[in-house]
Amino acid sequence: MIINLTTAARIVPLAAMMLGACVSQSAYEKQGQELQQARAQSTAEQAQIVKMQREQKWVVAGDMLFPEGGYQLSAGGKQALNQYVPKLQALQNAKVVVYGYTDSLQVGPLLKRAGIANNIDLSSRRADNVVAYLESQGVNPDAISAKGFGDTHPVASNDTPDGRSKNRCIEIVLGGPGA
């Protein structure tokens, strides 16, 4: 069979392009598995968001928002709160209350020097700082308030590190007809 050079010049790049586009079966399967995992994670996250919206409250782990034993929002804490800002900005005639909670460990000397005498004070400062941040992001200051409960409403035992971690949180609760 005789192939002229013009035909060969067209076939060789086409064949190289086709071979370059091939992906090994294992790479293809790995990409498929990664895509399925991402979809499952996204579905679980969406289900959690829908559940919280149905309950009209969001619970955010305090350890994610504040440094250990502190009350100033961390950069990561601000980023975590940013996911709620659009929903809170869009509320009409609703009231939003940010509740702060702590574990039962006593406040340390550094906090006492900062004027924080107990866990009620600490949880109030944390809730106040969340409110101030949300207001700085455009949430209506007339619709949002803060309340600290300290260690008076534990959701888990304060006898273990895991339980104490669960008790250190912020709840953002939506109420009223516009929620």
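In the stretch 122-176, how many are assigned to a strand (DSSP E or B) and closer than 19 Å to ASN82 by Cα?
Number satisfying all stated conditions: 9.
Need at least 3 residues that are modelled with pLDDT under 90, out of contact with any strand residue (DSSP E or B) (no Cβ under 9 Å at 6 or more places or on another chain) and of a type in the set (Gly, Ala, Ser) per element, so show me which helices (runs of 4 or more DSSP H) inside the stretch 1-111 make the cut, counting only ones lying wholly within it.
The helices (runs of 4 or more DSSP H) meeting that bar are 5-20, 25-55.
Pairs only if they're at least six apart or on different chains, beta carbon under 6 angstrom, first in the stretch 100-127 and under 22 Å from VAL60 (Cα atoms) and open to solvent by less than 60 Å² (accessible area, probe 1.4 Å), second hydroxyl-bearing (Ser, Thr, Tyr) and in a helix (DSSP H, G or I); list them, first residue then second.
GLY100/SER123; TYR101/SER123; THR102/SER123
Filter the stretch 158-172 down to the residues that are open to solvent by 40 Å² or more (accessible area, probe 1.4 Å) and not polar (S, T, N, Q), then identify the one that is farthest from ALA61 (Cα to Cα).
For the stretch 158-172, the residue satisfying everything is ASP159.
Does any residue in the stretch 147-165 that is among the acidic types (Asp, Glu) come within less than 8 Å, Cβ to Cβ, of a residue that is open to solvent by 60 Å² or more (accessible area, probe 1.4 Å) and not in a loop (DSSP other than H, G, I, E, B) six or more places away or on a different chain, and which pairs are these?
Close Cβ pairs (under 8 Å, with a partner that is open to solvent by 60 Å² or more (accessible area, probe 1.4 Å) and not in a loop (DSSP other than H, G, I, E, B)) do not exist here.
Suppose we filter the stretch 146-157 for residues that are open to solvent by 50 Å² or more (accessible area, probe 1.4 Å) and farther than 14 Å from SER123 by Cβ; how many remain?
So the answer is 1.
The values are calculated or read from the model by the stated rules, or taken from the named source; none is laboratory data. Please read these numbers as outputs of a predicted model, since none were measured by experiment. A quick note on method: Cβ atoms are made from the backbone with ideal geometry, for glycine too, and the neighbour counts reach across all protein chains shown. These area figures cover heavy atoms from the full protein model, side chains too; ligands, DNA and RNA do not enter into them. Shrake-Rupley method; radii C 1.70, N 1.55, O 1.52, S 1.80 Å.
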